[in-house]
Amino acid sequence: MADIDFTRAFRVLVGPEKQAFTVHHDIINRRSAFFRAASSERWTSVEKVIELPDDKSQVFARYLQCLYNNKTWFDDLSQPRGMTGEGDFDLRANRTILRLVHAYILADKLQDLKSCNLIIDRLIHDSDELQRIPNNYALNLIYNQTPKASPLRKLVVDFLVYEANAENDSYNMEDAPIEFLQEVIREDARLKNENARERVEDVFAQKVSELGKCRAHQHDASHAVCE
Ligand SMILES: [Zn+2]
């Protein structure tokens, strides 16, 4: 890969408060098709600024951690369960998952497939670790802000189909997006039909983390399938 030019940077103003971030042209443009497109036009003059008025500055800051640092661990849950009280753990676990969902939605909007895939991996990992699946609030966010074919939608459907149980039952079905419930029913029926002759129980005993690494990834000519 070609060397990174650290002398070329520009500013990104995020949110209604226009929080200013400095990003390196080479680093962000190699990953984000959105920034590649935005910086190809009109950018021969002096001051280069891109505005993201509808996004949150904290979310963009976490996206930059992912971009520069490959960091997707957005909370400190190193204290074991029970140390801080269950209620507190619940709150932090849900917040950790929600931060990942926000970061995914932004990375997807910026067309940064590598960050999307890293965040998906972290979501699956954290969900196992924390024994949490995205709650209703996260679900509504996902169904309001991602396109129909989004791999994140596929992932949350898988979470419910394979992993919903009394332990992690964070869904209040009354408030779940209708499209989500329809997809869950469709996927559930598909698995039962396709596996009629197998033992259906075995199919549903799988965890999402066992279903195959690329299941909710996005790959294309410049983003090779994972090993
Ligand atoms: Zn993959």
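The values are calculated or read from the model by the stated rules, or taken from the named source; none is laboratory data. Predicted model, so just to flag it, every value in this text is computed and none were measured. Ideal geometry is used to build each Cβ from the backbone, glycine not excepted, and the neighbour counts take in all protein chains shown.
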Problem set entry | Val200 being more than 29 Å from Asp90 (Cα to Cα) and of a type in the set (A, V, I, L, M) | yes
Seminar exercise, completed: Being more than 21 Å from Lys56 (Cβ to Cβ) and of a type in the set (Val, Ile, Thr) narrows Ile142, Ile124 down to just Ile124
Exercise. Among the numbered criteria (1) at negative phi; (2) at pLDDT 95 or above; (3) surrounded by 13 or more Cβ atoms within 10 Å (Cβ to Cβ), which single criterion is violated by Asp26?
Worked result: (2)
Exercise. Residue check, Ser209 against (1) under 18 Å from the mean Cα position of the chain (by Cα); (2) of a type outside the set (Phe, Trp, Tyr); (3) assigned to a loop (DSSP other than H, G, I, E, B), all met but one. Which one?
Worked result: (3)
Seminar exercise, completed: The correct count of residues that are within 16 Å of the ligand (Cβ to nearest atom) and loosely packed, with under 14 Cβ neighbours inside 10 Å in region 191-213 is 2
Exercise. Hey, Val59 hits all of (1) modelled with pLDDT under 95; (2) more than 16 Å from the ligand (Cβ to nearest atom); (3) assigned to a helix (DSSP H, G or I) but one; which does it fall short on?
Worked result: (1)
Exercise. Got a sec? Which of Glu167, Glu163, Glu179, Glu174 is among the acidic types (Asp, Glu), over 22 Å from Glu210 (Cβ atoms) and modelled with pLDDT under 90?
Worked result: Glu174
Seminar exercise, completed: Checking His125, His217 in turn, the sole residue that is surrounded by fewer than 20 Cβ atoms within 10 Å (Cβ to Cβ), within 16 Å of the ligand (Cβ to nearest atom) and part of a helix (DSSP H, G or I) turns out to be His125
